[in-house]
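Asker: Before we start, here is the structure in question, set down as structure tokens.
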Amino acid sequence: GDSVTQMEGPVTLSEEAFLTINCTYTATGYPSLFWYVQYPGEGLQLLLKATKADDKGSNKGFEATYRKETTSFHLEKGSVQVSDSAVYFCALRSGGTSYGKLTFGQGTILTVHP
Amino acid sequence: KAGVTQTPRYLIKTRGQQVTLSCSPISGHRSVSWYQQTPGQGLQFLFEYFSETQRNKGNFPGRFSGRQFSNSRSEMNVSTLELGDSALYLCASSLDSDYGYTFGSGTRLTVV
């Protein structure tokens with residue numbers, strides 16, 4: 001079945017540091033890939049997405065590239081801010097009849113200190 | 001543009017009771033999915049509805065059920081509550097499965 005593996009956290013960084021959160025996946029066919037962010041007490045917000053190989057998703061300084069050959073979708077940001085502190089989830093949606101079903105990784109807690 | 005609205009935000013129930021959670025999707029969105037989020041199991045897919053029809057279902061017992069109305073609003077019901085049902089229940093809506101999903105803030109259910 002489908003699965004998503006994220007790097008274990010938590011991740012603690014100083015403001016303006018470079019961020020990488022690794023994500024690899026296993027899926028049948030050609031899934032769509034997503035990064036979601038969850039702030040304390042809130043639901044999930046879509047951060048970025050990519051729907052085919054070599055696509056790069058980007059938003060608010062975050063980027064991730066769909067790498068089919070390594071089945072990866074690593075999240076990066078060049079300079080993090082305190083306001084980026086949150087939980088980050090990598091997710092995939094397989095094609096076909098997987099209507100509405102996102103398969104999530106376990107989440108990575110990011111804490112950014114001033 | 002209003003987002004996905006889930007009610008109530010918090011709920012405390014006793015073991016053996018049943019509960020109904022509500023989700024109002026973004027206007028125009030016809031696909032509604034439900035997820036359970038717990039510290040131990042993470043985010044798990046419950047089911048998805050599109051135009052009042054359940055198109056997909058996760059691996060949850062029959063105590064978990066849902067429905068969708070003609071205005072796309074959705075409800076999920078959990079009968080005979082167990083302590084392990086304590087979780088954050090998230091609803092997400094989309095135009096259809098090929099688009100991104102927008103999540104609500106969730107309903108925090110505590111079973112005592």
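Asker: When the residues of segment A:86-108 are narrowed to those that are under 15 Å from B:Y101 (Cβ atoms) and polar (S, T, N, Q), which ends up farthest from the other protein chains (Cβ to nearest Cβ)?
Answerer: A:S94
Asker: Looking at B:T53, is it more than 21 Å from A:L102 (Cβ to Cβ), β-branched (V, I, T), out of contact with any Phe, Trp or Tyr (no Cβ under 9 Å at 6 or more places or on another chain) and open to solvent by 60 Å² or more (accessible area, probe 1.4 Å)?
Answerer: For B:T53, the condition - more than 21 Å from A:L102 (Cβ to Cβ), β-branched (V, I, T), out of contact with any Phe, Trp or Tyr (no Cβ under 9 Å at 6 or more places or on another chain) and open to solvent by 60 Å² or more (accessible area, probe 1.4 Å) - is not met.
Asker: Given the conditions (1) open to solvent by 30 Å² or more (accessible area, probe 1.4 Å); (2) closer than 22 Å to B:V4 by Cα; (3) in contact with a Ser or Thr (Cβ under 6 Å, 6 or more places away or on another chain); (4) among the charged types (D, E, K, R), report the number of the one that A:R93 does not fulfil.
Answerer: (1)
Asker: Now a separate question. For B:P61, which of the numbered conditions (1) under 25 Å from A:Q106 (Cβ atoms); (2) touching a strand residue (DSSP E or B) at 6+ places or on another chain (Cβ under 6 Å) fails to hold?
Answerer: Looking at each condition in turn, B:P61 falls short on (2).
Asker: Here's another thing I want to ask about it. Within segment B:1-31, work out how many residues are assigned to a strand (DSSP E or B), at the interface with chain A (Cβ under 10 Å from one of its Cβ atoms) and at pLDDT 95 or above.
Answerer: Summing the residues that are assigned to a strand (DSSP E or B), at the interface with chain A (Cβ under 10 Å from one of its Cβ atoms) and at pLDDT 95 or above in segment B:1-31 gives 1.
Asker: What are the residues in segment B:72-92 that are open to solvent by less than 20 Å² (accessible area, probe 1.4 Å) and of a type in the set (S, T, Y), if any?
Answerer: Those that are open to solvent by less than 20 Å² (accessible area, probe 1.4 Å) and of a type in the set (S, T, Y): B:S72, B:S74, B:Y89.
Asker: I've got another one for you. Among the residues of segment A:67-83, what is the count of those that are closer than 18 Å to A:T12 by Cβ and either open to solvent by less than 10 Å² (accessible area, probe 1.4 Å) or touching a Ser or Thr at 6+ places or on another chain (Cβ under 7 Å) (or both)?
Answerer: Residues that pass the stated criteria total 3.
Asker: So, in segment B:10-36, exactly how many residues are among the charged types (D, E, K, R) and either within 18 Å of B:L95 (Cα to Cα) or crowded, with 20+ Cβ neighbours inside 10 Å (or both)?
Answerer: Count: 1.
Asker: Go through segment B:88-107 and count every residue that is closer than 14 Å to B:Q37 by Cα and either over 11 Å from the mean Cα position of the chain (by Cα) or within 8 Å of chain A (Cβ to nearest Cβ) (or both).
Answerer: Residues that pass the stated criteria total 6.
Asker: Now a separate question. Within the set of pairs 6+ apart or on separate chains, which have a first residue in segment B:33-55 that is at the interface with chain A (Cβ under 7 Å from one of its Cβ atoms), a second that is of a type in the set (D, E, K, R) and open to solvent by 20 Å² or more (accessible area, probe 1.4 Å), and C-beta atoms under 6 Å apart?
Answerer: B:F45/A:K101; B:E48/B:R55; B:F50/B:R30
Asker: Please go through segment A:26-37 and pick out each residue that is under 24 Å from B:T102 (Cβ atoms) and in a strand (DSSP E or B).
Answerer: Result: A:S32, A:L33, A:F34, A:W35, A:Y36, A:V37.
Asker: Write out, first by first residue and then by second, each pair whose Cβ atoms fall under 6 Å of each other, whose residues are 6+ apart or on separate chains, and whose first residue, in segment A:24-52, is farther than 15 Å from A:L102 by Cβ while the second is among the polar types (S, T, N, Q) and part of a strand (DSSP E or B).
Answerer: Taking only residues 6 or more apart or on different chains, the pairs are A:T24/A:T5; A:T24/A:S72.
Asker: With the requirement that a residue be within 18 Å of B:Q41 (Cα to Cα), assigned to a strand (DSSP E or B) and of a type in the set (G, A, S), what does segment A:1-25 give you?
Answerer: Scanning segment A:1-25 gives a single hit, A:S3.
The values are calculated or read from the model by the stated rules, or taken from the named source; none is laboratory data. Values in this document were obtained by computation on a predicted structure and should not be read as measured data. Glycine gets a Cβ as well: all are built from the backbone with ideal geometry, and neighbour counts include every protein chain shown. Surface accessibility is based on the protein's heavy atoms, side chains included, excluding ligands, DNA and RNA. Shrake-Rupley method; radii C 1.70, N 1.55, O 1.52, S 1.80 Å.
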